[in-house]
Amino acid sequence: MPSTPTPQCVRRLQKELSALCREAESFFFTRPSAKSILVWYFVIKGPADTPYEGGRYFGKLNFPPDYPMKPPEIIILTPNGRFETNKSICLTMSNYHPENWSPLWGVRTILTGLLSFMVGDELTTGCMTSSDELRRKYARESRRFNAEKMPVYKELFPEEYQKDLEELKREDSEKNGRTSGSAGCGANTKGGGVMESQEKEQWRGLFPALLGLFAVLMGAYFWPW
């Protein structure tokens, strides 16, 4: 398989990146590797009212040189309790099923499908079973894992990395305050709670719409015309 992307592949990925960069707030953010346009890294935000709430799930898409004629490989790097880390995930829109792939699909379709599958219970290659309690634990630890264990996360998403450092600093301060009996952490706790509440409300409106859109896309493609 050639390692150099075709001109069509480069144009398509550049077009998708430009469109995604113009979008307003979304459930994910993504950026290509500085080394190759065929490797994209992404972060999916855990939906409210799920065991993944508050989580930040870092992963990557490995595109074939002839994308969009063939689908990419999908890999999650952050421990999450749903997918094995550093393993290819078998989904309809992944490289496991090129026969089901449509060139009309793109990064947004892929990540919407990944999130839809993530919050479900179906098992496939690259999945794992675990308790909701463990998944919530991974969600709480995800920011720290990405910031401390994933250098490429810091490199590609410096703004998110700084936000994570501030959040981790706040959490550590609260823990130290509870341990010492300090009364000075109340304001920080309240501030963090407001941010979390706002994000929850955004998710409650956005998440069902995203899943509905994904269902429409899948139905349109597989409908027996």
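Coordinate-derived values only; no laboratory data. Everything numeric here is computed off the predicted structure, so don't read it as measured data. Note: ideal-geometry Cβ built from the backbone for every residue, glycine included; neighbour counts use all protein chains shown.
Observations
- J(HN,Hα) series, the stretch 23-33, from Karplus relation 6.51 cos²θ - 1.76 cosθ + 1.60, nearest Hz, glycine and proline x: 6, 6, 3, 9, 7, 8, 9, 8, 7, x, 4
- Radius 13 Å from Cβ of Y67, net charge of other residues (Lys, Arg +1; Asp, Glu -1): +1
- Under the combined filter of DSSP loop state and at most 14 neighbouring Cβ atoms within 10 Å, the stretch 1-71 retains these GluC sites (Glu not before Pro): E23, E25.
- E171 versus M69: modelled label distance in nm, points set 7 Å from Cα along the beta carbon direction: 4.5 nm
- The local environment of G126, defined by Cβ-Cβ distances under 9 Å, has a net charge of 0 under the rule Lys, Arg +1 and Asp, Glu -1.
- Partner lysines for K45 [C-alpha distance under 26 Å; skip if fewer than 8 residues away on the same chain]: K15, K35, K60, K87, K137, K149, K154, K163, K169, K175, K190, K200
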